[in-house]
Amino acid sequence: MRSKIVAGNWKMNKNLSETEALLTELSAKLPDTQAEVMVAPTYINLTAAVRNLEASTIEVISQNMHFAENGAYTGEISADMLLSVGINTAIIGHSERRAYFGETDEILAKKVKTALAKNIRVMFCFGEELEDRKSDNHFNVVESQLKNALFDLDASAWKNIILAYEPVWAIGTGETASPEQAQEMHAFIRKTITEAYDATIANNVSILYGGSVKPGNAVEIFSKPDVDGGLIGGAALVADDFIAIIKAI
Ligand code: 13P
């Protein structure tokens, strides 16, 4: 069901004590909100994070997972491992995974299937690179990313999918898509899902925007009708900034 979501992707930041400190501050300062609030610390601190947030409504999610059930995949983490420490949502397809770790649409499609089969909710990330936008190819790129990884799923799978549109040129660069650019793409995404499935599925999926969301621009971006929240990188590492972004929704 479509809901407002603010999620913090901590990437490869925060050791154990820093994780504890940030989570403690976040739960102390968390405002009353209808939005779902999520944090994605590094794998190694997920257990500590779940324990730290036992009494909080903040959900701990993972930044990634492997597509195989188990086996000889040195260094990887399976769906069952995540479930066993209390993780029920996984980010899949982040552009840094695609760019630095060779995760293709085909690999991501397998990850999505495994996660959903295990009842793990998927926060699927996608978005165009700067050259795609400059060459006016951004809609095609986004459409094919969605199609290749998601469009052979059964309609019933969509209730466990959250989308996060993250234009690569706006990630960690301080350059944000304008609220109009975000709205334009989010509306396009809903249209594409309507064509592949139907309007009900398209209207029920939450679509987050990610890419240099800060306290100063969050209100305007979140005010757009097809933007259901944000996936936050840098600003999620500072409690007061993340709290301000939650308040913005
Ligand atoms: P920034 O907010 O640092 O641009 O990162 C966005 C992001 O990649 C979240 O997944």
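Considering only residues that are among the charged types (D, E, K, R) and surrounded by fewer than 18 Cβ atoms within 10 Å (Cβ to Cβ), look in region 229-249 and name the one that is nearest to PRO41 (Cα to Cα).
Here the residue is ASP240.
Please work out which residue is nearest to ALA202 (Cα to Cα), limiting yourself to region 1-23 and to residues that are among the hydrophobic types (A, V, I, L, M, F, W, C) and within 13 Å of the ligand (Cβ to nearest atom). Break it down into steps so the answer makes sense when it comes.
First pass over region 1-23, keeping only residues among the hydrophobic types (A, V, I, L, M, F, W, C): 1, 5-7, 10, 12, 16, 21-23.
Now narrow it down to the ones that are within 13 Å of the ligand (Cβ to nearest atom): 5-7, 10, 12.
Numbers: ILE5: 17, VAL6: 20, ALA7: 21, TRP10: 28, MET12: 32 Å.
Restricting to residues being among the hydrophobic types (A, V, I, L, M, F, W, C) and within 13 Å of the ligand (Cβ to nearest atom), the top hit is ILE5.
Here's a check for you: in region 179-224, which residue that is buried (at least 16 other Cβ atoms within 10 Å of the Cβ), at pLDDT 95 or above and of a type in the set (Ser, Thr, Tyr) is nearest to the ligand (Cβ to nearest atom)?
Among those residues, the one meeting the criterion is TYR209.
For the condition touching a residue at least 24 places away in the same chain (Cβ under 8 Å) and within 21 Å of GLY216 (Cα to Cα), what is the one hit in ALA149, ALA170? Outline the logic, then answer.
Numbers: ALA149 fails: within 21 Å of GLY216 (Cα to Cα).
Sole residue among the options that is touching a residue at least 24 places away in the same chain (Cβ under 8 Å) and within 21 Å of GLY216 (Cα to Cα): ALA170.
The values are calculated or read from the model by the stated rules, or taken from the named source; none is laboratory data. The structure displayed is predicted, hence computed values, not measured ones. Positions of Cβ are generated from backbone atoms using ideal geometry, with glycine treated the same way; all protein chains shown enter the neighbour counts.
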